[in-house]
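What follows is a short report on a single structure.
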Amino acid sequence: MKKRFSPLQRHLLAACMLLYATAYLNRLNLSAALGSVMAAFGLNATRAGVLPSAFAITYAVGQVLNGALVDRLNPVRHMCLGLIGSALCNLLMACSGGYAWLLALCLLNGAFQSMLWTPVVRLMAMHFGQEERPRANILLSITMIVGHLGAWAVSGYLSSILSWRASFAAPALFALPVVLVALLLLRIVPVEEASGPVKKQGGGLSIRRVAQVYWTSGFAIMLVSAVLFGFVRDGIRTWAPQILGEISPNAVDAATLSLIIPLINALGMAGSYGLQRMRGLRSRRIVSLLMAAGTVFCALLGGAGSVALCALLMGVACACMSGVEPLVTTLIPMEYDREGLIGLSAGLMDSLIYVGSALAGVTAGLIRESLGLNALFMGWAAAALLCALLSAGADGMLRRYRALSPADG
C-alpha cells in the first residue's frame, strides 16, 4: 500500500515543482526564440549555437561547484537566489541591443540556473525515504515537462506574434512572485538538519577513495553516458523549434507543431515510472533501454517527409530522453546515499549532461551547415546508441560493486 506524503513533504514537493518549472521557463525560452534571434541579429546556425552552448558551459561548471557545496549551504535560500538571478538575466536579455550582450547574459544565466537542482536533490534526500523517492521524483520530473511546454508555448508564440524580446521578459516577470509563494510553502520545512541519517558531502572520504568508488561502481562510465545523453536531449530541445520553423513556411504553425514534443514527453515519464516498478530492472538498465529506443527514432528522422512527421518523431525521441532524465539526475545519484555522495554525484551528473548540451549547440550548428540535417539526425542516433551501450556496462559494474560491498546496496 502506498504511503501518503506528509504535509511537510507535500509543501516541499509543491515548492520545488513550482520553482523548477519556473526555472525551465527562464531556460528553454532561448530555444523557442532562437529563430527570431537569428533573424534579428543576422546570425548563422554556428553563431546562434554558441548561445545555448555558453549557457551550458557555465551551468556545467556551476553544477560541480554547487554539488560540492550544497551540504554546507541553506538549500532553500540557494534555490530562491538562483531563480531571482536567472529572472534578472532574462529581463536584461529582453533589453539586449547586440549579440555580445546576449552571449554574456547567457553565460550569467547558466551560472544562476545551476544553483537550483542540487539543493532540490539534497532536500529530497533529507525528507523522503527510499520507498517514497521514485514517486516524488516522477512528480518533480513532470514539472520539467510543464516548464518545457510553457517555455515553448509562451516564448514561441510571443516571438512569432510580438517580438523575441517578449519571450525573455514574460518568464522573468512571472518568476519573481513564484519565489514569494515558494518561500511561504517552505516555511514549515527544516533545512539545517535532516529528518534522517544524511551524511555530509563525501562522508569524510578522501578524493582518492571517492574516485575509487565512482570507478568500481560504474559511476565514471555513467558520467560519460551523461555527456552523450545531454548531446541528444538538448540537441533536440535547442534546435527542434528552429528546424520546424525552417521546414514550415508559417511561423505560428511551426510554433504549434513544436508543442507536440513536450506534450509527448509525458509518455516518456509514464514509461520510465512503469519500468521502475518492474522487478529486476535497475535505473541504469532502464537508461540503456530508453536510449536504445531513442536511437531508433532519431535515425528515423532522416526519412521524415513532412513537418508533422518530423515533429512527431522528435517528440517520441525526446520522450525517451524525458524518461531517462529523472533517473540520471536524481535516482542514480541517490545510489550513493550511504557514502554521503548524493550532492556531489548529482552535481557531477548534471554538469556532464550540460557538457553534452554545450556540444549540442555549437556542434549541431556546424554539422547542419557543413553536412545537412540528415547528418545531424544520424549524429543524435549514434550518440544515443553509445549511451545505451555504456549504461548497460555501468549497470553490470554496479551489480558487481554491490556484490562485493553488500552493506552499500
Exercise. For residues that are under 24 Å from the mean Cα position of the chain (by Cα), open to solvent by less than 50 Å² (accessible area, probe 1.4 Å) and modelled with pLDDT of 80 or more, tally how many sit in the range 195-226.
Key: 10
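How about the range 1-21: which of its residues are touching a Ser or Thr at 6+ places or on another chain (Cβ under 9 Å) and surrounded by 24 or more Cβ atoms within 10 Å (Cβ to Cβ)? Walk me through how you get there before you give the answer.
Initial filter on the range 1-21 (touching a Ser or Thr at 6+ places or on another chain (Cβ under 9 Å)): 8, 16-21.
Scanning the range 1-21 gives Cys16, Leu19.
Residues to consider are Arg122, Arg72, Arg133; find the one that is over 19 Å from the mean Cα position of the chain (by Cα) and of a type in the set (Lys, Arg).
On the way: Arg122 fails: over 19 Å from the mean Cα position of the chain (by Cα); Arg133 fails: over 19 Å from the mean Cα position of the chain (by Cα).
Only one candidate qualifies: Arg72.
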Practice problem: Tell me which residues, restricted to the range 341-362, are part of a helix (DSSP H, G or I) and hydrophobic (A, V, I, L, M, F, W, C). | Solution: Ile342, Leu344, Ala346, Leu348, Met349, Leu352, Ile353, Val355, Ala358, Leu359, Ala360, Val362
Quiz item: Taking Gly315, is it over 18 Å from the mean Cα position of the chain (by Cα) and farther than 21 Å from Arg133 by Cβ?
Solution: no
Quiz item: Among Val316, Val296, Val328, which is modelled with pLDDT of 90 or more and of a type in the set (Val, Ile, Thr)?
Solution: Val296
Quiz item: Mind checking whether some residue in the range 355-378 is within 23 Å of Ile145 (Cα to Cα) and acidic (Asp, Glu)?
Solution: no
Quiz item: Limited to the range 306-345, what total is found for residues that are acidic (Asp, Glu), open to solvent by less than 10 Å² (accessible area, probe 1.4 Å) and under 21 Å from Ile207 (Cβ atoms)?
Solution: 0
Quiz item: Which is among the aliphatic types (A, V, I, L, M) and surrounded by 20 or more Cβ atoms within 10 Å (Cβ to Cβ), of Leu348, Leu373, Leu385?
Solution: Leu348
Practice problem: Could you grab me the full set of residues in the range 388-409 that are open to solvent by 20 Å² or more (accessible area, probe 1.4 Å) and closer than 25 Å to Tyr59 by Cα? | Solution: Leu390
Quiz item: In the range 43-146, which helices (runs of 4 or more DSSP H) lie fully inside it and hold 2 or more residues that are at pLDDT 85 or above, open to solvent by 50 Å² or more (accessible area, probe 1.4 Å) and of a type in the set (Phe, Trp, Tyr)?
Solution: 99-113
Practice problem: Select from the range 22-37 the residues that are open to solvent by 20 Å² or more (accessible area, probe 1.4 Å) and small (Gly, Ala, Ser) and write down the one among them that is nearest to Pro326 (Cα to Cα). | Solution: Gly35
Quiz item: Got a number for residues in the range 179-194 being at pLDDT 75 or above and open to solvent by less than 40 Å² (accessible area, probe 1.4 Å)?
Solution: 3
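The values are calculated or read from the model by the stated rules, or taken from the named source; none is laboratory data. Just so we're clear, the structure is a prediction, and the values are computed from it rather than from any experiment. With ideal geometry, Cβ positions are generated from the backbone for all residues, glycine too; neighbour counts draw on all protein chains shown. Just so you know, the surface numbers come from the protein's heavy atoms only, side chains and all, with ligands and any DNA or RNA stripped out. Shrake-Rupley method; radii C 1.70, N 1.55, O 1.52, S 1.80 Å.
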